[in-house]
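S.K.: Dropping the structure in here first, questions after.
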């Protein structure tokens, strides 16, 4: 089996068909989320035509503004809250982040961290006591 290239061509040829098949299969489920972990700008257009009701990615790790993703996708976008330093964020800082993200995304927006890292949440048992058990 050949290893997929890190270039968009390799993704388009090897990975995209598999990902698309998974989302086509899940099309009749109530909710599925296309989580674009460590999205790079060169791959941004590779997910068009997916039957994914929600797109989630990290603004912080990708550096791609939600406004840029909105230009290419009509689905609701989940993200906008910094998942890297969320433990240090105050409630007003988080509110500012999701308010700005909502302005960029428009009405189809879900306030969420860019990536949900359960292992990091377990460390923060003060904020999430149910996860520290």
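S.K.: Restricting to the stretch 99-114, give me the number of residues that are at pLDDT below 90 and either closer than 17 Å to residue 41 by Cα or part of a helix (DSSP H, G or I) (or both).
M.R.: Matching residues across the stretch 99-114 total 1.
S.K.: Does the stretch 23-38 hold any residues that are assigned to a helix (DSSP H, G or I) and closer than 14 Å to residue 48 by Cα, and which are they?
M.R.: Selection gives 23, 24.
S.K.: Which ones in the stretch 67-84 are assigned to a helix (DSSP H, G or I) and surrounded by 21 or more Cβ atoms within 10 Å (Cβ to Cβ)? Quick ask: steps written out before the conclusion?
M.R.: Residues of the stretch 67-84 assigned to a helix (DSSP H, G or I): 67-72.
Passing the criteria: only 69.
The values are calculated or read from the model by the stated rules, or taken from the named source; none is laboratory data. Bear in mind that the values here come from a model prediction, so they are computed numbers and not experimental data. With ideal geometry, Cβ positions are generated from the backbone for all residues, glycine too; neighbour counts draw on all protein chains shown.
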